[in-house]
1. Hey, which aspartates and glutamates would be in cross-link range of LYS224, C-alpha to C-alpha under 20 Å, not counting anything within fewer than 8 residues on its own chain?
2. Can you pull out the GluC sites (Glu not before Pro) in the range 282-324 whose DSSP state is coil and whose Cβ has at most 11 other Cβ atoms within 10 Å?
3. So if R0 is 56 Å, what FRET efficiency would LYS125 and GLU323 give, r being the distance between their Cβ atoms, rounded to the nearest 0.05?
4. What's the local net charge at LYS86, with K and R +1, D and E -1, over the other residues with C-beta under 15 Å away?
5. Give the lysines whose C-alpha is closer than 17 Å to that of LYS309, dropping any in the same chain fewer than 8 places away, or say none.
6. Once you charge only the Cβ atoms, +1 for Lys and Arg and -1 for Asp and Glu, what is the size of the charge dipole of the chain about its Cα centre, to the nearest 20 debye?
7. Out of the GluC sites (Glu not before Pro) in the range 99-167, which ones are loop residues according to DSSP with at most 14 other C-beta atoms within 10 Å?
8. For the chain, what does -39500 (n - 2.57) per DSSP helix run (n ≥ 4), summed and divided by total residues, give at 222 nm, in deg cm²/dmol to the nearest 500?
Amino acid sequence: MKVFINKKIPETGITMLKEAGLEVTIPENNDLSEKELLQYFKNADVILNVGQNKYDKDFFEQFPNVKAIALFSVGFDHVDIKEATKRNIPIGNTPDVLSRATSDVAFLLMQSVSRRASFYFQKVKDGNWGNFDPLYELGQELYGKTLGVFGLGRIGFEMAEKCKNAFGMNIIYHNRNHNEEAEKQLDAKYVSFDELIAQSDVLSVHVNFKPEQSDLFNASVFEKMKKNAIFINTARGGFHNQKDLYEALISGQIWGAGLDVTNPEPIEDNDPILELSNVCVLPHIGSATVEARNGMARLAAENIIAFSKGEKMPHIANPEVYEV
């Protein structure tokens, strides 16, 4: 079975695939042209995909040779899951192994924004240490404040636990369903979406993205948030309207924002939000640790190896393909 990996991944995953007797192809160049990429697709039985390449109806029609896709990510919003399922193509993903790493970034962003850390770091790099001014660009403390989690799953739970233990923050959340574990261990309180945005001092997004949720966090939502609120997004940039977010920040409707994902992504160099002292933007590094990336490589390899044996992928976005 021929496996195409579009970008180099940690060696642990590659070794697993080769030891399983699979034929693995990895291009030397990490930035393939569309023409080059299409040629590789034509020769693959299975794709291990790194990044946000689109897998939709047109793709599946153009490459009927592709029998399975293993994603090097937990998110799968760039894949037409219904179309893949219709064609009996399993789509694997990598849940759990990046939960801590991603929640660490959300926690980092929250603290960086609350103390304007990236703004002050830039001043130091610019040689502008400045004189002591009791009122200049002050931050805010987080002790005892309320964390609102939109999507209290694995990553959201990790974020909530950190905030509870470090700052004694109160935890509220909005989910499709109640998270009984969080309610028991963290004294988390389930609230409506309107209550979430109205009561949160820090609002952190941790839910899987769906197209119908585009620009969910927009001007009308930011207007209902607290004036001291910090908006954190480490999920997908599509959740927030970036222009509306900028306007909310400069008008004082909300206090600050920390983004590991942007809209659009990558962010434009001249985006005015980058000039604000109460904003920290990172280049989508939620899973960027040795441990998380090794774990992702292992899970992706496990998915492909299971598929090659005619077994169910252990980590899968569309398990219903095995029920067809």
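1. Within the straight-line limit of under 20 Å, LYS224 reaches these aspartates and glutamates: ASP194, GLU195, ASP201, ASP215, ASP244, GLU247.
2. Sites meeting the loop and neighbour criteria: GLU311, GLU323.
3. So, using R0 = 56 Å, E works out to roughly 0.50.
4. Every neighbour counted, the sum reads -3.
5. LYS2, LYS18, LYS67
6. Dipole size: approximately 460 debye.
7. Here the GluC sites (Glu not before Pro) that fit, given the DSSP loop and packing criteria, are GLU137, GLU141.
8. -10500 deg cm²/dmol
We did not get these values from a lab; they are worked out from the coordinates using the rules stated. Here the structure is a predicted model, which is why all the values come from computation and not from measurement. Cβ sites come from the backbone with ideal geometry, for glycine too, and all protein chains shown count toward neighbours.
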